[in-house]
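Have a look at the structure below, then the notes.
The values are calculated or read from the model by the stated rules, or taken from the named source; none is laboratory data. All of these numbers come straight from a predicted model, not from anything done at the bench. As a convention, Cβ positions derive from the backbone with ideal geometry for all residues, glycine included, and neighbour counts pool all protein chains shown. Accessible surface areas use protein heavy atoms only, side chains included; no ligands, DNA or RNA. Shrake-Rupley method; radii C 1.70, N 1.55, O 1.52, S 1.80 Å.
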Amino acid sequence: MTSLPKGSAVHPDPTIHAPGAEGEGRKVYFVSFGCQMNVLDSELVLGDLDRNGYSRTDVMKDADVVLINTCSIREHAEDKVWSLLGRARQVKSTRPDMKIGVMGCMAQRVKDAIIHRAPHVDLVLGTSGFRSAARDLEDLFAGGGRVVRVDRRPDPEFLPDADREVTARPDAFRAYVTVMRGCNHDCTYCIVPHTRGKEVSRPLEELLDEVRRLVDDGVREVTFLGQNINTYGKDLHPQRKHTGEICTLLERSAEIDGLDRIRFLTSNPFDMTEDMMRRFGQVPKVMPWLHIPAQSGSDSVLRRMRRHYTVAQYHEVVGWARKHIPRVEITCDFIVGFSGETDEEFEGSKQLVRDIGFMQTYVFKYSLRPNTISARQLPDDVPEDVKRRRNIELLAVQDEIAMARNEGLIGTQVEILIEGISKSDATRVTGRDHSNRLIHCPGEASMAGRMATVEIEEAGAHSMIGRMVALEGTH
Ligand code: 5AD
Ligand code: SF4
């Protein structure tokens, strides 16, 4: 569960709150589940609420509004929302004025179940209609009835990415920017095409403008987001075969003074070309880190998943990256226990982890999602304990590899953008290096937002510790 920091505005700007703004004095308890895009969508809504005078609370019983941004990718994520809604119902029974809202993928996917099972929910906003939250809450507080917006085509007044309040964000120096929403693929296990619909790209100039506004407000690093970012812009230029428009976006963003680092995800192995890798490698501000989900290291499983590549083709894509992007690191997603996965097929995933040498791997137990192709055609036949065991095993292989690779970095120097005080040790600061590795080193809060050169002294599988040898702005 990700819950954005209380008080979303990093630089509280008194001019944002119009005097007598509708939400003035109201408190919102906000919880965000799921992917980075959800983190950003939550931020967009919190920005709107901030503009309307709402403040955050992390105590549900103090809240005037409980708003949950939901995820449908695995059943477990949905279960957590149902249980949170149960808690909210109890609180609402003592505070009948409280408003409860559900937004995002689950609101889109199971709106009917929410409406019937959770009559205490006042607001249901799907993946396209969520930017009306502030206005809808106003109507609800004025006595209006339940609002449900799950239309795929958003009300033009409330486009998902319009008019972003750049000052309202949890991190002063880093920001996410959504470049496209939806996905045109049909991976058999995946609910995303169902909840988020077909790919819709945002115009290049609109994105550059958003990046400029973020940079003017102090952002040094942006991460562009899209479910299948390789095809960014394809829907804007349907006449072209393969546009590589994502490369143009990266190249043009790199021209923005004050922006130091550019990242992007998710790069699937399909829709990728060697020429795109070459262009990524030619832009120094583009950081050498690619998230390329493999999902499986077995050709037969990949076929059942309809991933449209083989293990050999996956290797080829990683080969292009390593050829054209100096010091590139690759991170990966795997699903274990997919329909019919045998021990031998699972061994293929372990082998791929060893052969590629990922920097990090995220492993998920297959979760059957209603209305996906696999739910209709393929049995969910790998027992839960086998899924669990494979999950642990694959992570163990990955940890061993990451540990060995990170130990190899001891004594070398990396550059980090300092994010702030480490969550686990108040005498240290935390930052990420070019390849998105998590690095801790002694420091203090005032260093946040500056680059530092760190010599690595200790390595773990998931993070490293070093000493600062240079700090930007000091001699
Ligand atoms: N079950 C388990 N994991 C899934 N993912 C997507 N759909 C499912 C599912 N039904 C994983 C994939 C994807 C990541 C975001 O979530 O690995 O890359
Ligand atoms: Fe889902 Fe496949 Fe699209 Fe990724 S590429 S969002 S896994 S359908």
Quick check, is residue 117 modelled with pLDDT under 95, basic (Lys, Arg) and outside the structural domain of residue 178 (by TED's automatic domain parsing)?
yes
Note on the range 32-79: residues among the charged types (D, E, K, R), touching a strand residue (DSSP E or B) at 6+ places or on another chain (Cβ under 9 Å) and under 29 Å from residue 226 (Cα atoms) are 41, 43, 50, 56, 74, 78
Which condition does residue 200 not pass, out of (1) in the same structural domain as residue 276 (by TED's automatic domain parsing); (2) touching a residue at least 40 places away in the same chain (Cβ under 8 Å), if it passes all the others?
(2)
Sort out which residues of the range 122-161 are open to solvent by 10 Å² or more (accessible area, probe 1.4 Å), out of contact with any Leu (no Cβ under 9 Å at 6 or more places or on another chain) and of a type in the set (A, V, I, L, M), and write them in order of number.
142, 159
Can you work out which of the residues in the range 336-358 that are assigned to a loop (DSSP other than H, G, I, E, B) and either at positive phi or more than 16 Å from ligand 1 (Cβ to nearest atom) (or both) is most open to solvent (accessible area, probe 1.4 Å)?
342
Of the candidates 440, 434, 462, the one satisfying the condition of being under 24 Å from the mean Cα position of the chain (by Cα) and not in a loop (DSSP other than H, G, I, E, B) is 440
All positions within the range 109-146 that are assigned to a helix (DSSP H, G or I), of a type in the set (Val, Ile, Thr) and touching a strand residue (DSSP E or B) at 6+ places or on another chain (Cβ under 6 Å)
114
Being part of a loop (DSSP other than H, G, I, E, B) and within 15 Å of ligand 2 (Cβ to nearest atom): is that true of residue 306 here?
yes
Criterion: at pLDDT 95 or above, crowded, with 20+ Cβ neighbours inside 10 Å, hydrophobic (A, V, I, L, M, F, W, C) and closer than 19 Å to residue 272 by Cβ - qualifying residue of 402, 321:
321
Quick check on this structure: which one of 378, 417, 409 is within 14 Å of ligand 1 (Cβ to nearest atom) and on the phi < 0 side of the Ramachandran plot?
378
For the range 371-383, does any single residue satisfy the condition of being at pLDDT below 95, in the same structural domain as residue 248 (by TED's automatic domain parsing) and surrounded by fewer than 23 Cβ atoms within 10 Å (Cβ to Cβ)?
yes
Select from the range 182-196 the residues that are open to solvent by 10 Å² or more (accessible area, probe 1.4 Å) and under 16 Å from residue 106 (Cβ atoms) and write down the one among them that is nearest to ligand 1 (Cβ to nearest atom).
190
Taking the range 284-311 only, how many residues are touching a residue at least 12 places away in the same chain (Cβ under 8 Å) and either among the aromatic types (Phe, Trp, Tyr) or more than 15 Å from ligand 1 (Cβ to nearest atom) (or both)?
10
One residue is enough: does the range 184-194 have a residue meeting the conditions among the hydroxyl-bearing types (Ser, Thr, Tyr), assigned to a loop (DSSP other than H, G, I, E, B) and within 16 Å of ligand 2 (Cβ to nearest atom)?
yes
Between a first residue in the range 168-195 that is at positive phi and a second residue that is near ligand 2 (Cβ under 10 Å from one of its atoms), which pairs have beta carbons less than 7 Å apart while being 6 or more apart in sequence or on different chains?
182/196; 182/199; 182/227
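Quick grid of which residues meet (1) within 16 Å of ligand 1 (Cβ to nearest atom); (2) in contact (Cβ under 8 Å) with a residue 40 or more places away in the chain; (3) in contact with a helix residue (DSSP H, G or I) (Cβ under 9 Å, 6 or more places away or on another chain); (4) not in a loop (DSSP other than H, G, I, E, B):
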residue	(1), (2), (3), (4)
240	no, no, no, no
247	no, no, yes, yes
250	no, no, yes, yes
264	yes, yes, yes, yes
268	yes, yes, yes, no
Picked from the range 159-181 (must be assigned to a loop (DSSP other than H, G, I, E, B) and modelled with pLDDT of 95 or more), the residue nearest to ligand 1 (Cβ to nearest atom) is 179
